[in-house]
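No lab work stands behind these numbers, since they all come straight from the coordinates. The model shown is predicted, which means the values in this text are computed figures rather than measured ones. Cβ sites come from the backbone with ideal geometry, for glycine too, and all protein chains shown count toward neighbours.
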Amino acid sequence: MSESSKLLRVLLLGANGQVGRAWQETLHGVNVVAALGRDQLDIGDLDRLGDRLYDLAEAIKPNVIVNAAAYTAVDRAEDEEQLAYDINALAPGVIASVASNLGVPMVHYSTDYVFDGHGQAPFIETDAPSPLSVYGRSKLAGERAVQAVGGAHLILRTSWVFGVHGQNFLKTMLRLAQTRDELRVVNDQVGAPTSADLLAKVPSQMLQQIQHPSDPRWGVYHLCPTGYTSWHGYAVYLIEKAREMGWPIQLANESIIGIASSEFPVKARRPHNSRLSTQKLQQTFAIALPDWRVGVDQVLQVLEPGA
Ligand SMILES: NC(=O)c1ccc[n+]([C@@H]2O[C@H](COP(=O)([O-])OP(=O)(O)OC[C@H]3O[C@@H](n4cnc5c(N)ncnc54)[C@H](OP(=O)(O)O)[C@@H]3O)[C@@H](O)[C@H]2O)c1
């Protein structure tokens, strides 16, 4: 680490999720001084959340609070609106308020689902959000709650998260590719599959560059890899790659069939265009983001064939 960079002392919430786990893997310049899963700190317990955070901060003296906790069950949220809002909208406001009072920044994650997916172009940070689902609306309300506090924050909107830990599309496709003769995968939604590792590594690099609460660079950024694909293109790529790496996959590429979203009905509407422009982040912090396939290859190298 250079002399000007600081050791991050991270208070991490949502420690057992994909992104939470990635923050706990070895990251240069990062010391996770408290990693709290839901069992240790339920952020939906709004009456106690603020006091619990102050007590923790007093004991461990973090210099950043990372909120990787979220209600991420997109379809179930349609039936559990209040719970989704408690966790995705109200809790982030409380966390931001504690962080601001302590004089430490907050890192918070948001989603491509704040947009309606209209058009073909990548969305930029200042495009008007227009979520299609309860989940998307709850995440947008969370962004606004964090912003309303007015403290130092990074809100990172991302898309299609996958990692070694937890459940995700990549692991589901690998499992099905080993047991099914045919797969039908949506081909009219496009976006960038984003590795949980990138979602921990890049903000830790951003935080190394921003030292002061009044720095003008705090704010909302889109964070995902470069390039984009459909869910179908993603499935074809990762299954082909796994096959090359020796996974026991019989399924031929021709048997991975692209279908329209309308042929795969789900409760919550998803945007057709989930592309996020990352120009603002790359230019502001001089950080070059990799192609989405790089993260997929890395996770495939870590997962056990046949898993
Ligand atoms: N997954 C995606 O494709 C995706 C796409 C765009 C944006 N994002 C955003 O990226 C961020 C990280 O997502 P992820 O993929 O890491 O999600 P994830 O794997 O579902 O992890 C979310 C974590 O939050 C925890 N959690 C839920 N309710 C909680 C509560 N009341 N108190 C404390 N912890 C609670 C969960 O605990 P349990 O382990 O006990 O369930 C889980 O460990 C979230 O803000 C999400 O909205 C995700």
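A compact table of results
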| quantity | calculated |
| --- | --- |
| Directionally averaged shadow of the range 40-116, computed from the convex hull of its alpha-carbon atoms, nm² | 5.6 |
| Intensity falloff of the range 1-148 expressed as log10 I(q)/I(0), Debye formula with alpha-carbon point scatterers, at q = 0.09 Å⁻¹ | -0.30 |
| Separation between Cα centres of the range 264-307 and the range 40-96, rounded to whole Å | 25 |
| Gain on full stretching of the segment that runs from residue 28 to residue 148 - 0.36 nm per residue minus C-alpha separation | 40.1 nm |
| Alpha-carbon radius of gyration plus Dmax, which is the widest Cα pair, for the range 216-307 in Å | 16.8, 53 |
| Charge tally in the Cβ shell below 15 Å around residue 222, where Lys, Arg are +1 and Asp, Glu are -1, residue 222 excluded | +1 |
| Mean shadow area of the range 262-307 over all directions, Cα convex hull, nm² | 6.1 |
| Cα-derived Rg over Rh, computed across the range 91-241 with Rh taken as Kirkwood radius | 1.02 |
| Size descriptor, Kirkwood hydrodynamic radius, that averages inverse alpha-carbon separations across the range 245-284, Å | 14.6 |
| Diffusion coefficient, µm² s⁻¹, Stokes-Einstein with Kirkwood Rh over alpha-carbon pairs of the range 133-175 at 37 °C and 0.692 mPa s | 256 |
| Virtual paramagnetic centre 7 Å along Cα→Cβ of residue 180, amide N under 16 Å, in the range 266-307 | 266 |
| Bins of 20 Å, starting at 0 and running to the largest distance - Cα pair percent for the chain | 33, 58, 9 |
| Net lengthening on full extension, residue 301/residue 51 (0.36 nm per residue, minus Cα-Cα) | 85.8 nm |
| Pairs of lysines in the chain (C-alpha under 29 Å apart; 8 or more residues apart or interchain) | 14 |
| Modelled FRET efficiency - R0 22 Å, residue 269 with residue 169, Cβ distances, 0.05 increments | 0.80 |
